[in-house]
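Written out below as structure tokens is the structure these notes cover.
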Amino acid sequence: MKHIKVLSMILLLSTISFFSSAKQQVVKLVCEYHVNPIGIDVQKPRFSWQIASDQQNVKQSAYEIRVAKTEKSLNKTSDLIWTSGKVESDQSVDVEYGGPALKSMERAYWQVRFWDNNGKASGWSEPAFWETGILDQGQWSASWITLPNEKAAEGSRPAQYYRNEFSTVKKVSSARVYVTSLGLYQLFLNGKKVGDELFTPGWTSFNKRLQYQTYDVTAMVQQKNAIGAVLGDGWYRGNIGWGNQHSYYGDKLALLVQLKIDYTDGTSETIVSDKNWKVSNGPILESDIYNGEKYDARLEMKGWANAGFDEGSWQNVAEMDRPSTKLIAPQGVAVKAIEEIKPIKLIKTPKGENVLDMGQNMVGWVRLKVNGKKGDVVTLQFAEVLDKEGNFYMDNLRSAKCTDTYILKGEGEEVYEPFFTFHGFRFLKLDGLAGEPKLDQITGVVIHSAMNPTGSFSCSDPMINQLQHNIQWGQKGNFLDVPTDCPQRDERLGWTGDAQVFSPTAAYNFDVAAFYTKWMKDVAADQLPDGKVPHVIPDVLKGGGGATAWADVALVVPWNTYLAYGDKRILVEQYASMKGWVDYMKNRAGDDYLWTGDQHFGDWLAFATNRSDYPGATTEKDLIATGYFAYSSSLLAKIAKIIGNEADAKKYAELSGNVKMAFVKEFVTPAGRLVSNTQTAYSLAIAFDLLPEKLIPAAAKYLADDVNKMGHLTTGFVGTPLLCKTLSAQGYDELAFMLLNRKEYPSWLYPVTQGATTIWERWDGQKPDGTFQSVGMNSFNHYAYGAIGEWLYTYVAGIEIDELHPGYKHIILAPHPGGGLTNVNAEFNSIHGKIQSSWKIEGGNFVYDVEIPANTTATVILPKSKEKKEIGSGKYSFSVPVGN
């Protein structure tokens, strides 16, 4: 490496790496991707930890885990329920518990220590724990309760309030409440909301899987207690899907509550929902995810969730038969209120509307502070954009009303925020106030699945930084228990194609391991017996599915989760689903291995033009379908090998090879030209390794020629994630950076020039003249095109996954300057720890600073250099002349 200068800091750090005074410890213990989880039903949970060290080149050579029933018992060998003993291994991620299975509602504590590559043992970590939920369906002693004789209705019906009282006379050592519902619930104990989770019990395939939550309420139990819950329609009974489809899963809301109290004298008691509970309607007159909430504060029942409340006007509940669905503990990430933002300005529109600009297209709701007379009505409407004239615009929301209504009780300052709805919006229109709105009356409450942020990317170009901002906000707004396509109109569904193409980017921005683990189980649950995967998960489109690239989510998301987190279990658990989908394609492709049909979406929303020399970028659906057939078959072969199924590995590798040959025969000329001469066709064929090696340069040139001819991208949902990575992999960096930097339509930066704060559904959702695309399909918060984020992290910043060492156990650091950028900084908090890749052009040199966590290694490949530098954990700096 004669042109590479490794700064003297490296030598200094390596010199001190053996000093006995150096510090290293085990930190960030997680169990099944959660910190100290309670109420889980995984029989053999997995442990992961990170190593904090001020040394360089630190590796784990062995570990030891010990488990006990109490924290104190961890220090006494005879009290341990399991110890791994000293295990010679560098594994620090997903180490499986090997002790006796825990019983229901039982807690265990665990610690870990490690030995480094010099044989030195660390101290024991701080204790962590996990706690099981109700593992046996027969252990649910509570009854499902519901409102009797509820009147049928087409639209949203009033929310239901449930309550009961109980007393305790002994000292409480612990109390856990296990709760779920048909519909959404919020639980209260002694007047206070239990937990900070929202939209519980979450959205699953309700007719097959229904989550329950577990809450630690030890500190909330008193001598005299009242327990209560509010139920709203939610996904279960509210509008969902298209065409005002109501009550898709069922027509009755219901509640199930089981509270277990353990006393210090060793006895326990269980409080359950049963016929002794009371029920009533209340101030929430309507609650619908699409249409909003109507709240009449005059109907509030002060103290309804406190002991001693007069429930004389309430009804007795009705007990109902237990649903056939299986009750499961959550494995995903709870929805929570994550942050709050304030409006940046008040706008008086040309029509005279009072509109507040939140400054960010966000998902959630607003908290309203208001004074007024009893019976005054305040209406809040939500929109993403203003129209060309500057007026409030809701047409793109289709039939969704996106309206909250608050009726005042007239008792001084009143504060309102909804219970069971959310909106996707930047602009808020207020009607019914006594005077002009004030900015301090409104606070935006941002909600999404509470995923830990893991990635950041910034560079010298502010517009690209805004693009990264938009990508991350698009993910936050659409990862609300399921990965939805959009958060605002009458849709908000778990479209599989969107999720599939975005999954690598998603795993850079946030920790999505648990999120995808939960959702993929619903993919398998809703998959049809013949292997067909529905278009949306959970499936509310009545079995519509089987579309290429969309249904391939069954393989692609588990595979990308494995790559990002090293998680083999998701491959094992989803294997039957993956195999079912590949076999579905095989059964429909026929003896020629070509998958044809009209059930596919193709390269959705690809660029279209009226140019006579370029009528549009329509890629044949059969080409895309056959390409994905080959790709998913090859993934299945890899996965089979990883999980030890050699017979299937051989079988599906052979299948993939046959499909590739059929692809070339049908869609590729001997000169390397594809029958669909589009950017998507070439990107897919090259990225999916469908072409003979000798044809790849020619195909890459056809791709480059088309990009040069058009001067912009022409890809849709399928081709966009592959375009820049294919160009750069084939030596066309300048074209890839040209596409990134382009500011005119169509491009990633065009929406930025129009003031976008999230990713749009269409390249030209808002046209340069201020008009909009078709109202039928024009979301301004739609993350699919944000898949370019993967290329920013992996190629521009250079943080790449090594497929042979997934979970960033070994990292490839290969940055690529270009596009006029003078500096880039990316950080990624992997499951092993922090990775940093930062470069700048300074004084004619490319200066590169990196950091990788303990117990990992990396290969550094500097620009225009064929030499590779192997490094261990720690911080390093490199410098190489720009022109080299």
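Within region 754-774, how many residues turn out to be surrounded by fewer than 17 Cβ atoms within 10 Å (Cβ to Cβ) and free of Cβ contacts under 8 Å to residues at least 24 places away in the same chain? Show your work before the answer.
We begin by selecting, within region 754-774, every residue surrounded by fewer than 17 Cβ atoms within 10 Å (Cβ to Cβ); these are 755, 767-771, 774.
Filter once more, keeping what is free of Cβ contacts under 8 Å to residues at least 24 places away in the same chain: 755, 767-768, 774.
So the count comes out to 4.
Does region 756-773 include one or more residues that are at positive phi and at pLDDT 95 or above?
No, region 756-773 has no match at all.
Take the conditions open to solvent by 60 Å² or more (accessible area, probe 1.4 Å), modelled with pLDDT of 95 or more and in contact with a Lys or Arg (Cβ under 7 Å, 6 or more places away or on another chain) and apply them to residue 310. Does it pass?
The answer is no for residue 310.
Inspect all residues belonging to region 267-282 and state whether any of them is among the hydroxyl-bearing types (Ser, Thr, Tyr) and surrounded by 16 or more Cβ atoms within 10 Å (Cβ to Cβ). It would help to see each step written out before you state the result.
Pass one, region 267-282, residues among the hydroxyl-bearing types (Ser, Thr, Tyr): 267-268, 270, 273, 280.
Right, trim to surrounded by 16 or more Cβ atoms within 10 Å (Cβ to Cβ) and you get 273, 280.
Scanning region 267-282 turns up at least one residue that is among the hydroxyl-bearing types (Ser, Thr, Tyr) and surrounded by 16 or more Cβ atoms within 10 Å (Cβ to Cβ).
Spot the failing condition for residue 591; the list is (1) in contact (Cβ under 8 Å) with a residue 40 or more places away in the chain; (2) over 21 Å from residue 482 (Cβ atoms); (3) open to solvent by 10 Å² or more (accessible area, probe 1.4 Å); (4) not in a helix (DSSP H, G or I), and only one is missed.
Exception for residue 591: condition (1).
Mind telling me which of the residues 847, 880 ends up being of a type outside the set (Asp, Glu), assigned to a strand (DSSP E or B), at pLDDT below 95 and farther than 24 Å from residue 738 by Cβ?
880 is the lone residue from the list that is of a type outside the set (Asp, Glu), assigned to a strand (DSSP E or B), at pLDDT below 95 and farther than 24 Å from residue 738 by Cβ.
Hey, among the residues in region 283-296 that are among the acidic types (Asp, Glu) and open to solvent by less than 30 Å² (accessible area, probe 1.4 Å), which one's nearest to residue 250 (Cα to Cα)? Steps first, please.
Looking only at region 283-296, we keep the residues that are among the acidic types (Asp, Glu), and these are 286, 288, 293, 296.
Subsequent filtering for residues that are open to solvent by less than 30 Å² (accessible area, probe 1.4 Å) retains 288, 293, 296.
Values: 288: 15, 293: 20, 296: 26 Å.
Checking each candidate, the answer is 288.
Which condition breaks for residue 641 when tested against (1) over 30 Å from the mean Cα position of the chain (by Cα); (2) free of Cβ contacts under 8 Å to residues at least 12 places away in the same chain?
(1)
Pairs under 7 Å by beta carbon, first residue under 17 Å from residue 593 (Cβ atoms) in region 653-682, partner basic (Lys, Arg) and open to solvent by 10 Å² or more (accessible area, probe 1.4 Å), six or more apart or different chains?
So the pair list comes out as 655/586.
When you look at residue 59, is it open to solvent by 50 Å² or more (accessible area, probe 1.4 Å), closer than 22 Å to residue 852 by Cα and among the basic types (Lys, Arg), yes or no? Please lay out each step first, then the result.
Values: open to solvent by 50 Å² or more (accessible area, probe 1.4 Å): yes; closer than 22 Å to residue 852 by Cα: yes; among the basic types (Lys, Arg): yes.
It is true that residue 59 is open to solvent by 50 Å² or more (accessible area, probe 1.4 Å), closer than 22 Å to residue 852 by Cα and among the basic types (Lys, Arg).
Listed residues 795, 750, 785, 732; which is touching a Ser or Thr at 6+ places or on another chain (Cβ under 6 Å), more than 25 Å from residue 547 (Cβ to Cβ), aromatic (Phe, Trp, Tyr) and buried (at least 19 other Cβ atoms within 10 Å of the Cβ)? So that I can check it myself, show each step before the final result.
Values: 750 fails: touching a Ser or Thr at 6+ places or on another chain (Cβ under 6 Å); 785 fails: more than 25 Å from residue 547 (Cβ to Cβ); 732 fails: touching a Ser or Thr at 6+ places or on another chain (Cβ under 6 Å).
Residue meeting the stated conditions: 795.
How many residues are in a loop (DSSP other than H, G, I, E, B), touching a residue at least 40 places away in the same chain (Cβ under 8 Å) and out of contact with any helix residue (DSSP H, G or I) (no Cβ under 9 Å at 6 or more places or on another chain) if we restrict to region 103-119? Steps first, answer last, please.
The first filter runs over region 103-119 and keeps only residues in a loop (DSSP other than H, G, I, E, B), leaving 103-106, 117-119.
Right, trim to touching a residue at least 40 places away in the same chain (Cβ under 8 Å) and you get 105, 117-119.
Remaining after also requiring out of contact with any helix residue (DSSP H, G or I) (no Cβ under 9 Å at 6 or more places or on another chain): 117-119.
Going through region 103-119 one residue at a time, the tally reaches 3.
Tell me which residues, restricted to region 319-346, are in a strand (DSSP E or B) and buried (at least 18 other Cβ atoms within 10 Å of the Cβ).
Those that are in a strand (DSSP E or B) and buried (at least 18 other Cβ atoms within 10 Å of the Cβ): 327, 328, 335.
Does residue 299 satisfy the condition of being open to solvent by less than 50 Å² (accessible area, probe 1.4 Å) and at pLDDT 95 or above?
The answer is no for residue 299.
Would you pick out the residues in region 806-836 that are in a strand (DSSP E or B), touching a residue at least 60 places away in the same chain (Cβ under 8 Å) and either open to solvent by less than 10 Å² (accessible area, probe 1.4 Å) or touching a helix residue (DSSP H, G or I) at 6+ places or on another chain (Cβ under 8 Å) (or both)? Give the derivation first.
To start, the set of residues in region 806-836 that are in a strand (DSSP E or B) comprises 810-813, 823-829, 834-836.
Going one step further and asking which of them are touching a residue at least 60 places away in the same chain (Cβ under 8 Å), we end up with 823-829.
824, 826, 828 - these are the residues of region 806-836 that are in a strand (DSSP E or B), touching a residue at least 60 places away in the same chain (Cβ under 8 Å) and either open to solvent by less than 10 Å² (accessible area, probe 1.4 Å) or touching a helix residue (DSSP H, G or I) at 6+ places or on another chain (Cβ under 8 Å) (or both).
Determine whether residue 466 is modelled with pLDDT of 95 or more, part of a helix (DSSP H, G or I) and open to solvent by 30 Å² or more (accessible area, probe 1.4 Å).
Judged against the criteria, residue 466 is a match.
Only one of 67, 112 is closer than 14 Å to residue 26 by Cβ and of a type in the set (A, V, I, L, M, F, W, C). Can you tell me which?
On the way: 67 fails: closer than 14 Å to residue 26 by Cβ.
Sole residue among the options that is closer than 14 Å to residue 26 by Cβ and of a type in the set (A, V, I, L, M, F, W, C): 112.
Any idea how many residues of region 162-192 are part of a strand (DSSP E or B) and either at pLDDT below 95 or touching a helix residue (DSSP H, G or I) at 6+ places or on another chain (Cβ under 7 Å) (or both)?
Number satisfying all stated conditions: 7.
The values are calculated or read from the model by the stated rules, or taken from the named source; none is laboratory data. Just so you know, these numbers come straight off a predicted model, no measurement behind them. Quick reminder, even Gly has a Cβ in these numbers, built from the backbone with ideal geometry, and neighbours come from all protein chains shown. Just the protein is used for accessible areas: all its heavy atoms, side chains included, with ligands, DNA and RNA removed. Shrake-Rupley method; radii C 1.70, N 1.55, O 1.52, S 1.80 Å.
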